[in-house]
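S.K.: Quick one: the structure is below, and I'll ask about it shortly.
The values are calculated or read from the model by the stated rules, or taken from the named source; none is laboratory data. All values reported here derive from a predicted model rather than from experimental measurement. Cβ: placed from backbone, ideal geometry, glycine included. Neighbour counts: every protein chain shown.
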Amino acid sequence: MNFLLLLPEISVAILAGCIIIIDLFVPERFKRSFPYVSITGLSLIVVFYIFSGLPSSPSFLQNVIVVDHFTSFFRILFLLLGIGVLFASGEFVEKHIDKKGEYYALILIAVLATMLMAGARELLTAFLAIELLSFSLYVLVSITRTDQRSNESGMKYIILGVLSSALFLFGISYVYGLLGTTIFDDIAQATINAPVNLGLLFGITLIIVGFGFKVAAVPFHMWAPDVYEGAPLPTTALLAALAKAAVFALFIRVFVTAFGPSISSWQTIILIIAGLTMTLGNLVALTQSNIKRLMAYSSIGQSGYMLMGIAAFSHLTISGLIFHISGYALSTIAAFFTIIVYHNQTGHEEITDYAGLAKRSPFLAISLMASLFSLAGLPFFVGFATKFYFFTAVAAEGFLWLVSLAILNSVISLYYYLQIVRQMYIEPGTETAPLMIGPTPRIVLGFLAIAITVLGIYPRFLVAGAELAARTFF
């Protein structure tokens, strides 16, 4: 067994263990360096992984983990997203969270889980990776023990998360009981020439339900608004960007590799869920007054768009989906980073509290506007490039009605994003004192805003990576 294939994951695990051990012995004042230690560690892992040479052909760790172009693409993406969440956490954690060592260690464990999800090629390994991510998130959501909202959202998340895990595992048991294997390639081989019977369809449906809970797809979305609102803001960013991207990466791996030959049996289910998810998410977002709840329903709508790629199922749609996941995650991290910086200065979360922000901090207003416009899919931002590529790919597979619905929902999303922009630039605010933003948030937000714009104008590099990752399956 070549455990060097898991060197990036092992390195992240060691880093998390070091944070926990150091936390036991150092005085409180030294714990302020934990985010920078974690950021430095993840950055070194990214640099070493890239320059050590990405695999030219798939490598296997027994039958449970595969390292290929798809795994490598998402490993790098998840490490970078983890670095973004850590940058966003520093000041917030210093003000609101007592258990700093545990918090940063759990962030690193969540990153570790997402990397394992990208490389899983067997259903039980995929389940264990999802649970490692889920247990980290359960604690991170409720880590501010003195906050009633955090405790309540943590309890809701745990109860519904355990239910979804049980359904997912029940689906795996049906697949194993009928096919005698949990390895993706063997499942595909067993179904390639045999019709899907009712029992196997039931198992696949339960697995879809389990994934539906994790990505907050309708009708399994009920946990998302309350959890997003009650969780600490950096945890909400982790849920919206890193966790969602990881679950969709595993969704692609499972349904393209294992259940691809049986697509005719489950495609309609995914199509219906995609249409319902994007429509309900965007329509309900129109009525929200809290920015965290608005971002929750926006995230639900985005899940609907992504589900189109699973249902359409081709090299072009999967590469478009991978491209869109990357652009969405980058835009979401940038939006939440801005929201966190503003919350650190004011303590406000309501949309009306952003009134007059353009006068108090033009830099924050521009950063948030760019992020929201990217999520809406306006030109010159990465969200436009990803949606154009992705929607065109889905339309090419014949799903014009679904793409038309997605475009309509994108227009709806622009309306509620513009409500925030209107507050920042048109509505007069009750407070006029300028906001003092530190150099680190300015540098990181500036980098994210530039990345969103540059990748929107010149996305070739990211497109090439997405197409190479999708070529793994075709």
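S.K.: Checking PHE255 against (1) within 20 Å of ALA395 (Cβ to Cβ); (2) at pLDDT 90 or above, which single condition isn't satisfied?
M.R.: (1)
S.K.: Can you tell me which residues in the range 377-431 are charged (D, E, K, R) and in a loop (DSSP other than H, G, I, E, B)? Reasoning before the result, please.
M.R.: Just the residues of the range 377-431 that are charged (D, E, K, R), to begin with: 387, 397, 422, 427, 431.
Listed by number, the residues that qualify are GLU397, GLU427, GLU431.
S.K.: Report yes if some residue within the range 70-77 is closer than 27 Å to ARG149 by Cα, part of a helix (DSSP H, G or I), touching a residue at least 60 places away in the same chain (Cβ under 8 Å) and touching a Lys or Arg at 6+ places or on another chain (Cβ under 9 Å); otherwise report no.
M.R.: no
S.K.: Which of the residues that make up the range 23-62 are within 26 Å of PHE3 (Cα to Cα) and among the aliphatic types (A, V, I, L, M)?
M.R.: Scanning the range 23-62 gives VAL37, ILE39, LEU42, LEU44, ILE45, VAL46, VAL47, ILE50, LEU54, LEU61.
S.K.: Which condition breaks for ALA249 when tested against (1) at pLDDT 90 or above; (2) surrounded by fewer than 24 Cβ atoms within 10 Å (Cβ to Cβ)?
M.R.: (2)
S.K.: Counting only residues that are within 17 Å of ASN290 (Cα to Cα) and of a type in the set (S, T, N, Q), how many does the range 318-344 have?
M.R.: Residues in the range 318-344 being within 17 Å of ASN290 (Cα to Cα) and of a type in the set (S, T, N, Q): 3 in total.
S.K.: List pairs: first residue in the range 423-438 and without any contact (Cβ under 8 Å) to a residue 24 or more places away in the chain, second residue surrounded by 10 or more Cβ atoms within 10 Å (Cβ to Cβ) anywhere in the structure, Cβ distance under 9 angstrom, at least six positions apart or on different chains.
M.R.: From residues that are without any contact (Cβ under 8 Å) to a residue 24 or more places away in the chain, the pairs are ILE426/ALA355; ILE426/ALA358.
S.K.: Something else about it: Do we have THR182 as among the polar types (S, T, N, Q) and over 21 Å from LEU128 (Cα atoms) here?
M.R.: no
S.K.: Ok, one more. Can you give me the ranges of the helices (runs of 4 or more DSSP H) entirely in the range 174-237 with at least 1 residues that are within 30 Å of VAL341 (Cα to Cα), out of contact with any Pro (no Cβ under 9 Å at 6 or more places or on another chain) and basic (Lys, Arg)? Explain how you work it out, then say what you get.
M.R.: Numbers: elements: 184-191, 198-214, 224-230, 233-237.
Helices (runs of 4 or more DSSP H) meeting the threshold: 198-214.
S.K.: Shifting gears a bit: Within the set of pairs 6+ apart or on separate chains, which have a first residue in the range 36-63 that is farther than 16 Å from ILE107 by Cα and in contact (Cβ under 8 Å) with a residue 40 or more places away in the chain, a second that is not in a helix (DSSP H, G or I) and not hydrophobic (A, V, I, L, M, F, W, C), and C-beta atoms under 8 Å apart?
M.R.: PRO58/ASP68; PRO58/THR472; SER59/ASN2; SER59/ASP68; PHE60/ARG121; LEU61/ASN2; ASN63/ARG121; ASN63/GLU122
S.K.: Any residue at all in the range 177-199 that's in contact (Cβ under 8 Å) with a residue 12 or more places away in the chain, in contact with a Gly (Cβ under 9 Å, 6 or more places away or on another chain) and aromatic (Phe, Trp, Tyr)?
M.R.: No, the range 177-199 contains no residue that is in contact (Cβ under 8 Å) with a residue 12 or more places away in the chain, in contact with a Gly (Cβ under 9 Å, 6 or more places away or on another chain) and aromatic (Phe, Trp, Tyr).
S.K.: Also: For the range 261-268, indicate whether the set of residues that are modelled with pLDDT of 90 or more, under 30 Å from GLU91 (Cα atoms) and over 17 Å from the mean Cα position of the chain (by Cα) is non-empty.
M.R.: no
S.K.: Suppose we filter GLY383, GLY465, GLY398 for residues that are small (Gly, Ala, Ser) and within 20 Å of GLY281 (Cβ to Cβ); which single one remains?
M.R.: Checking each option against the conditions leaves just GLY383.
S.K.: Additional query: Checking the conditions here, which among TYR103, TYR138 is under 14 Å from PRO234 (Cα atoms), without any contact (Cβ under 8 Å) to a residue 40 or more places away in the chain, in a helix (DSSP H, G or I) and touching a Phe, Trp or Tyr at 6+ places or on another chain (Cβ under 9 Å)? Show your work before the answer.
M.R.: Values: TYR103 fails: without any contact (Cβ under 8 Å) to a residue 40 or more places away in the chain.
Only one candidate passes the filter, namely TYR138.
S.K.: If I ask for residues that are more than 15 Å from HIS96 (Cβ to Cβ) and surrounded by 24 or more Cβ atoms within 10 Å (Cβ to Cβ), which ones from the range 337-363 would you list?
M.R.: PHE337, THR338, TYR354, LEU357
S.K.: Something else: How many residues does the range 202-222 contain that are more than 14 Å from LEU280 (Cβ to Cβ) and at pLDDT below 90?
M.R.: 0
S.K.: If VAL66 passes every condition in (1) in contact (Cβ under 8 Å) with a residue 60 or more places away in the chain; (2) buried (at least 17 other Cβ atoms within 10 Å of the Cβ) but one, which one does it miss?
M.R.: The one condition VAL66 does not meet is (1).
S.K.: Looking for whichever is in a helix (DSSP H, G or I), in contact with a Ser or Thr (Cβ under 7 Å, 6 or more places away or on another chain) and buried (at least 17 other Cβ atoms within 10 Å of the Cβ) here; the options are LEU116, LEU80, LEU133. Which one fits?
M.R.: On the way: LEU116 fails: in contact with a Ser or Thr (Cβ under 7 Å, 6 or more places away or on another chain); LEU80 fails: in contact with a Ser or Thr (Cβ under 7 Å, 6 or more places away or on another chain).
Unique residue meeting the criteria: LEU133.
S.K.: Does the range 193-200 contain any residue that is under 21 Å from VAL247 (Cα atoms) and either in contact with a helix residue (DSSP H, G or I) (Cβ under 8 Å, 6 or more places away or on another chain) or modelled with pLDDT of 90 or more (or both)?
M.R.: no
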